[in-house]
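Notes follow once the structure below has been shown.
The values are calculated or read from the model by the stated rules, or taken from the named source; none is laboratory data. Here the structure is a predicted model, which means the values were calculated and not measured. Cβ: placed from backbone, ideal geometry, glycine included. Neighbour counts: every protein chain shown. For the accessible areas, the whole protein counts, side chains as well, though only heavy atoms, and no ligand, DNA or RNA atoms are used. Shrake-Rupley method; radii C 1.70, N 1.55, O 1.52, S 1.80 Å.
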Amino acid sequence: MPLGIDVGGTFIKLFDGKRREKIRTPQGYTELLESLINIIGEEERVTVAVAGLVIEKEGIIEESPNLPFLRGKELRRDLERKSGARVRLVNDATAAAYGEFVEGSGRNSELFICLTLGTRLGGGAVINGKPLEGVKRVAMEVGHTTICLNGWPCHCGRRGCLEAYASSYGLERHYFLLTGKQKSSFEIIEEARKGKEGALGALKELSKYLSVGITNLLHTFNPDRLALSGGIVANFPEIVDWCKEEIERRSFKPTLSGFKLVNTELGEFSGAIGAFFFPY
Ligand SMILES: [Zn+2]
């Protein structure tokens, strides 16, 4: 098994089958390379999960909203040259979905989808035990499917993406629209936990848009399970029940039979675990 590494915007996480470790992500390409080479050490095979669009055949990171300095970089080539290991790059949300499929909320699922709500909205799918990557390995960019023509601006530069409504910054916008006040998603969730109306309303709005996105996935893939993860869901789990109600109202009934909406189980190491188990 290769070493599994997950390079996120804030932390690098690794999993080697037993050991789980987490270090801060250096903010610069040279510094990141150095840090990854230290982690790789004498390992011969490494799978690196990265946030962003990864063109695996060429080993190039096409776009990475959370790690902008990775854009256009040949991360695989540079890592292989400096470490001597065989390196493979995968999308972090796909790796997270695969980790959950192997060891967490997706066990024994036939068609499993996993969404991560944070500063962005990532998606991954595992179909009959295989991660769905697409021809250029950029499938399941669920966060950037359009749900509103000419809608709110998204971090990707387009308008009306699901992420613009269902992410931490989407939550901040819903809250601002309802209350006229600017607060961080963290503060909004705190307020909601105390039962404050504006915060609860903002989370309700977010759950409606998220449910539209999930219903689109039900109608497209007909999955048997969809897991939600990320800080918003972890700190305000009621959102899963709200989504269930909304999805029931919107979906074709046959897509709901045998379907379960669940919370993820592996927490922040799902990407590193998925990278470790990722099939060659
Ligand atoms: Zn977008």
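May I ask which residue of Val48, Leu70, Gly134 lies farthest towards the positive end of the charge dipole of the chain, with charges of +1 (Lys, Arg) and -1 (Asp, Glu) on Cβ and the Cα centre as origin?
Positive-end residue among those listed: Gly134.
Select from Pro223, Thr116, Pro237 the residue farthest towards the positive end of the dipole of the chain; place +1 on Cβ of Lys and Arg, -1 on Cβ of Asp and Glu, and compute about the Cα centre.
After comparing all options, I get Pro223.
Mind checking the full-extension length gain between Arg159 and Glu190? Use 0.36 nm per residue of separation minus the Cα-Cα distance, one decimal, nm. Let's see the in-between values first.
Working: separation 31, 0.36 × 31 = 11.16 nm, distance 2.87 nm.
Extending this stretch completely gives an extra 8.3 nm.
Magnitude of the Cβ-charge dipole of the stretch 18-174, K/R +1 and D/E -1, about the Cα centre, nearest 20 debye?
On the way: 23 positive and 21 negative charges, 5 e Å.
Computed about the Cα centre, the dipole is about 20 debye.
Using a 1.4 Å probe over the heavy atoms of the protein chains, calculate the carbon and sulfur portion of the accessible area of the stretch 220-280 as a whole percent. Before the final figure, lay out the partial values.
Values: 1510 of 2950 Å².
The computed percentage sits at 51.
Taking R0 as 22 Å, what's the FRET efficiency between Asn38 and Glu62 from their Cβ-Cβ distance, rounded to 0.05? Before the final figure, lay out each step's value.
Numbers: r = 26 Å, r/R0 = 1.19.
E between Asn38 and Glu62, to the nearest 0.05, is 0.25.
Near Lys18, which lysines are there with a Cα under 27 Å away, not counting those fewer than 8 places off in the same chain?
Lys82, Lys130
Let me know the charge dipole size of the stretch 107-264 about its Cα centre in debye, to the nearest 20, where only the beta-carbon of Lys, Arg (+1) and Asp, Glu (-1) is charged.
220 debye
Anything over 19 Å Cα to Cα? Flag those among Lys73/Lys136; Lys208/Lys244; Lys13/Lys183, in the order listed. The partial results should precede the final answer.
Working: Lys73/Lys136 17 Å; Lys208/Lys244 10 Å; Lys13/Lys183 29 Å.
Listed pairs above 19 Å: Lys13/Lys183.
On a 0 to 90 degree scale, rounded to 10, what angle separates helix 168-179 from the longest Cα axis of the chain?
Approximately 20 degrees, to the nearest 10.
Could you tell me the distance between the Cα centroids of the stretch 207-280 and the stretch 108-169, to the nearest Å?
Here the two parts' Cα centres lie 11 Å apart.
When a/c is below 1.5 the answer is rounded, else prolate if a/b is larger than b/c, else oblate, so apply that to the stretch 1-58 with a ≥ b ≥ c taken from the square roots of the Cα gyration tensor eigenvalues. Before the final figure, lay out the partial values.
Details: a/c = 1.44, a/b = 1.14, b/c = 1.27.
Judged from the Cα gyration tensor, the stretch 1-58 comes out rounded (a/c under 1.5).
Out of the GluC sites (Glu not before Pro) in the stretch 1-67, which ones are loop residues according to DSSP with at most 15 other C-beta atoms within 10 Å?
Numbers: sites: Glu21, Glu31, Glu34, Glu42, Glu43, Glu44, Glu56, Glu58, Glu62, Glu63; in loops: Glu42, Glu43, Glu44, Glu56, Glu58.
Taking the stretch 1-67 and a limit of 15 other Cβ atoms within 10 Å, the loop GluC sites (Glu not before Pro) found are Glu42, Glu44, Glu56, Glu58.
Rounded if a/c is under 1.5, else prolate if a/b beats b/c, else oblate: with a ≥ b ≥ c from the C-alpha gyration tensor eigenvalues square-rooted, which is the stretch 11-169? Working shown, then result.
Details: a/c = 1.85, a/b = 1.31, b/c = 1.41.
Because a/c hits 1.5 or more and a/b fails to exceed b/c, the stretch 11-169 counts as oblate.
Largest first and in whole Å, give the semi-axes of the stretch 107-264's equivalent ellipsoid, each being the square root of 5 times a Cα gyration tensor eigenvalue. Can you show the working numbers first?
Values: eigenvalues 134, 63, 38 Å².
Ellipsoid semi-axes (Å, largest first): 26, 18, 14.
Let me spell out the model: positive unit charges on the Cβ of Lys and Arg, negative unit charges on the Cβ of Asp and Glu, origin at the Cα centre of the chain. What dipole size does that give, in debye rounded to 20?
Details: 37 positive and 36 negative charges, 66 e Å.
My answer is approximately 320 debye.
At 0.36 nm per residue, and after removing the present C-alpha to C-alpha distance, how many nm does the segment from Arg107 to Ile23 gain when stretched out fully? The partial results should precede the final answer.
Numbers: separation 84, 0.36 × 84 = 30.24 nm, distance 2.82 nm.
Extra length from Arg107 to Ile23 when fully extended: 27.4 nm.
In Å², what does the accessible area per residue of the stretch 107-264 work out to with a 1.4 Å probe?
Details: 7790 Å² over 158 residues.
Per-residue accessible area for the stretch 107-264 comes out at 49 Å².
Which of the aspartates and glutamates could a cross-linker bridge to Lys253, judged by Cα under 17 Å and excluding same-chain residues fewer than eight apart?
Reachable aspartates and glutamates: Asp224, Glu245.
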